[in-house]
Structure formats: structure tokens, C-alpha cells
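Rule-based calculations on the coordinates, nothing more; no lab input. Given the structure is predicted, the values throughout are model-derived calculations rather than measurements. Here the Cβ positions follow ideal geometry from the backbone for every residue, glycine too, while neighbour counts run over all protein chains shown.
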Amino acid sequence: MRKIKFKERVRYEFDNLMSKGPLPPFILLAIGGFIFILFLAVIIYLFNLIPTDKGTILGLSNPNNYNLIDVFWVVVLRTLDGGVISEDPLDFVFIVFMLIATLFGLFMLGVFIGVVSSVVMDKIIELRKGRSLVLAKNHTVILGWSFQVFQIISELVIANENQKRPTVVVLAEKDKVEMDDEIRAKVGDTKNTRVICRTGNPIDLRDLEVVNLNYAKSIIVIAPDVPEPDSYVIKTILAITNNPNRKPLPHKYHIVAEIRHPRNVPIAEIAGKDEVQLVVFDYVVSRIIAQTCRQPGLSVVFTELLDFKGDEIYFAYEPRLVGKTFVEAMFAYETSTVIGLRKKNGEILLKPPMNTKIEEDDKVIAISEDDDTIILSGILDYKIDPGAIRTEPEKKERYPENTLILGWNRRAPLIINELDKYVLKGSKLVVVTDLAYVERTILEINYELKNHEISFIYGDTTDRRVLDNLIVEQFDHIIVLSQTEMLDVQSVDARTLSTLLHLRDIADRTEHKFSIVSEMLDDRNRELAEITHADDFIVSVKLDSLLLSQISENKELKTIFEILFSATNPSIFIKPAEYYVELGRPVNFYTVMEAARQRNEIAIGYKLHEAKPRYAGDSMLAYGVRVNPVKSNRIFFSEGDKIIVIGDEQ
């Protein structure tokens, strides 16, 4: 066995010492400099090398009587400032020693600059890695990374405009600099909101400590783009709730987590208990698609309620309403629309009985531009035009409906089951896709359906011959689904756009009108899709991101949206304006609300057949949809216009 040499041992210990950070080099530099200067001073002192007979040496008050400390100070001065030797007496031996001291000083300075530069660069690299502790409080934390991050941050920026020094922190397994650059490019100006990115694994307990979860206002867990995203989300929830350094109970986290598949909901609820609000992505999108294909424009209404740009749903306490009825509260706000009550025990009542009394500590649930715009304008201080109100027409006889689904993804079975709740028995549904395994899936689904007769056709939905052979004019509703099994989002949306262009061309050629509802994964492609004039679009990722953002601001909103998105009552409906008021007659929205109240409904807005201004001060509307209009403004409705209401049945 080879014996370790002393030189190797010294080098080993030196390497270990230098690897412990920036402090050891500074200490070694200081000790080495002190020893060398002391060595020169001792030699000069012992051999009496200071030429006292040739003038006063700079730094010595009495050159004829000096000690070792005085000599040491002389050498220090020459080490720190090489220019000092120009004033030294011309003694060869002394100048040589001082020159050595000066050269050593230059060497020490060079080493010192190198060490400082290295330490600064290491610190910059460390900061760029995004591993430093976030000391923010009352901030929003986003765990995970996907395309949704940009939409969520954009919504939080809008929501935080009236807040003081708001902060959003993102923790993901991605380079901090890359995250900063992408957010800067796709989100743009974050206004008064500070966005901080940190690199780390959200399921690692040590990495979670970096984002200061215990002081966070809310935590959003995003499902990443991996084969099993739900397992990742569940592990993240466990890492938060079971962290030994978590905030002490009874204090609880406000966690909003995205779950892709409904079957994983029970285990996620067990992991998060009452600290997590789950957003089941597939349920939300499938329900909205099912409702929108039967009521074009409905997805725009949902988007208006979900994003922070326009009007959203808020809770407000108004003591002057105590003792009043719900219907009185409905007409007491000029710029807000009351849709429900939050009882003091936490119960949410959406569209309660009109005669419900408002009690102490009850809050109104209202659609408004912001939480500080829910301002009482006066009880019974409004004008209604009774002559403009139309009586409720007789309900039209319903018939079985024909629906065509083009394309397939994991949400298709949920959409089919949701559609089955709305149609009459004997309705037909046809699925067209080039995925062969879908035929077996449809056979399994068929046993669960009560009202639909379902059939399968194998074919490429972007092939014009396939679409022509379908005779699409025979269908009442058409749904175009994104083939999400493809990994490239842009390729998926390109297929959808191709199918939409063919369908619109067929509609123009046959002069047949039918509703087309489609999915778009990337919101930027929505503008491109407008050239197809499809009746409605569902941007899946955007809607999910909006819902996560809303619930992160107020967890009680989850209950409201679950009610509105479901097939149960009450729900949002879009009905012809002539059912409520006389067409062509200027009316204010108070009159529309009264007409809806007589049908036990709440009018929350309207959808114009032509998206153009109808009164002074109005602006272009999103697909003609206007939610929470100013109630005193007068507007006239024409043929094809609709009223948006919350009701119990269509």
C-alpha cells in the first residue's frame, strides 16, 4: 500500500479549506500577508537596515529611536502604496527591501481583486439559480410550470392593481433566468405586482422553504405537462400539508390545485383535507362545452365572470340592507348585479327565493367591476317601464336533437355524459375521429346514456371528403374537439382551424345555419379562428387558468362556479330578448330585471346579435356579450338579441 506523502496531505487539506467558500481565501491572504510583512520587518530591524543618517523616513517620527513596531509600520506603508518609496533615501539595501514589499503588495492586491471578483461572480450565479429565500408576506405562490402560468400571472396582476406591494412567487423545475425571460415576453408589464421566480422541485420539502409558504396568502398548484400530472399535484399537496415546518394549526393554508382526471379527486381530497380547493379541469371544460353548444355565447359569459379585466363575482356586506328582501337588494345597485347571498353561517345561496330576508352579517353576492365598486345606489330609487315588459311566451315543444362531435380527447366521454342530461330521449350523437380505439370506448359509454343514441364513424376530421359525406346540415350542434394526444399545441390547434374552415365553407355553400363550438388550446389562436365565424370558442387552458386565479383570491367562489357550471339549477341561460321586453323600444336594464324577476329569474346581462354600440358611451362588446351593464342606461333590443339570466330551467 502506497504511503501518503506529507506534500499530498497538505495539498488535500488546502483543497478542502478552499472549497468551503469565500472566507478561507480571505483569511489565508490576510495571514500570509501579515507573516511576510512581519518577516521583512524583523530582518530590517535586526540588521538595522533603515538609513537614519540620510534623512527622515516617511512614517517614523524619530528615525534615531525606533522599535520593531515602527519598522513593521514602515513596511506596511510600502506594501499598501508603492509610490511611497519615491520619497525614501537612496540606500541600495533598504530600497531593495522596500521594492520587495511593494511588489508583494501588488501581488496581494491582484490576488485580493481576483478573490473578490470570484466571490461576486459566484453570488451572481447563485442568484441566477433562484435559490435564495423569499421574504415576502401575503403573497401568492405558484407551484409548477406550464403554459397556464402566463395567464394566471396576467390575471393576478389585474386583480392586484388596487393592492399595496403585491407579490407573486413561482417555484418550478426550470432555470430562473428562462422563467423570468418567458414571463417578461408573454405577460409583459406586471404593473405594481412583483413577480419572483425560484428554481426548485415543489415536492421537495427543502425547496418549498425557499418560497416562504407559511406567510403566503394563497398557493396555486399547476398540473405540469408530464404523463401523470395528477400524481405530481398530489405529491405537492402532501409536501405542503405534511411539512414538519408548516404553519402551526389551527392556521390553515389556502391551496388551489388543478386535477386533470376526476378519478384522482378522492385521493387529492384526502391529501389536502379542508386546506385544498380542487379544480377538476376536465369537468369544468366538458360542462362548459356541453352547455355552450346548446347556447352559443355562453363561454364568453363565463369568461367575463372568470377574468379580472371586466366584471367578476364578489362578496360585500351592506348594513343598510339588513331586514330588506333579496329582491329589494337586486334593485338597490346601479353598477352591480346581485345574484345571491352568503349567509352568516357560510351557506351560499345563489338565486334564493325573492322574498328571502337579509339578516345581520349576511353578505350579498354581486357581479361588479371590483370589490370596492359594490356601492349601494338607493333602495326603490329606480324607474321601470311596465309597458315594455312582455308576458312570458308559451314554451316551445322540444324535439330530439342531433349532435356531431369531430375529434376526440380524454374529455369526450365527460362531454357526452353531460350532453345526455340536456336532450330528450331519442336524440342522436355521432362521433368522427381517426383514432380506432374510440369505437370500443363509445360502446362502453353507450350503456350509460339515457337519452342519446350514439354511433361512431372512422375518418380524418380535416378531410373535406369525410365532412361532405357526413351531411353536416342534418345536425343541430357541432362540437370540434382538440386532439390533445398530440404533443405540439400549435399542431393541435392547426387541425382544429382546418376543420373549422371546412365547416364554415360548407355552411356558406348550403346556406344552413348551425352552432359550432370548438376547443382552442392556445388563446393566441383564438383571433386566427375568428375568420371561421364559429359561433363560439372554448379556450381550455385559459378557462382553467382563470378559474384557478379566481379561487386563489376567494375560495368561496368555487361553490358558486360549481353551481353555475353544472346541469342542475340554478344555471345561466341565454334567451331571446322578445321574451322579456318589446323590441325596438328604448328601455333601461331595471326594466329587463323586472321582466326577469316576474319569471323568477335574475337578469345579469345581454347578448347582441350584432356587436355594435347601442347607446351613447357603449363600446364594442365581446361577441356582443355585456355582463353587468349600468342599469339606468337605455338600450333598445332588436331581432336576434338575447338576455342573459340566472334561472332554474330553460
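Numerical summary
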item	result
Ranked packing of 346-355, 498-507, most packed first, by mean Cβ within 10 Å	498-507, 346-355
Burial order of peptide ranges 302-313, 162-173 (average beta-carbon count within 10 Å, highest first)	302-313, 162-173
Size of charge dipole - segment 556-610 - debye, nearest 20, with Cβ of Lys, Arg +1 and Asp, Glu -1, no other charges	40 debye
Helical segments meeting 30 Å axial Cα length and Kyte-Doolittle -1.0 threshold in the chain (DSSP H)	23-46, 92-128, 489-510
Which label in (1) 1.34; (2) 1.41; (3) 1.03 gives the computed Cα Rg over 2.2 N^0.38 Å	(2)
Magnitude of the charge dipole, the chain, Cβ model with Lys/Arg +1 and Asp/Glu -1, debye to 20	1580 debye
Dipole axis of the chain (+1 Lys, Arg; -1 Asp, Glu on Cβ), positive-most option in Phe302, Ser132, Ser552	Ser132
Positive-end residue of Pro202, Tyr437, Val74, charge dipole of the chain with Cβ unit charges	Val74
Proximal charge balance of Asn469 [Cβ under 13 Å; K/R count +1, D/E count -1]	-2
Ranking of Asp508, Asp362 by count of other Cβ atoms within 10 Å, fewest first	Asp508, Asp362
Three-way shape call for segment 175-255 based on the alpha-carbon gyration tensor, with the a/c threshold at 1.5	oblate
Segment 393-522: C-alpha gyration tensor shape, a/c 1.5 cut-off, then a/b vs b/c	oblate
Dipole of the chain [Lys/Arg +1, Asp/Glu -1 at C-beta], most positive-end residue of Ile384, Val587, Ser154	Ser154
For the chain, calculated [θ]222 nm from helices alone, where every DSSP H run of n ≥ 4 adds -39500 (n - 2.57)	-12000 deg cm²/dmol
Between segment 392-466 and segment 473-502, the Cα center-to-center distance that results, in Å	15 Å
Cα gyration tensor shape for segment 237-396, rounded if a/c is under 1.5, else prolate or oblate	oblate
Fully extended contour minus Cα-Cα distance, from Leu103 to Lys5, at 0.36 nm per residue	32.0 nm
Dipole in debye (nearest 20) - segment 87-242, about Cα centre, beta carbon charges: Lys, Arg +1; Asp, Glu -1	700 debye
Relative contact order computed over the chain (Cα-Cα under 8 Å; 6+ residues apart), in percent	11 percent
Burial ordering of Leu49, Leu406, Leu557, fewest other beta-carbon atoms within 10 Å first	Leu49, Leu557, Leu406
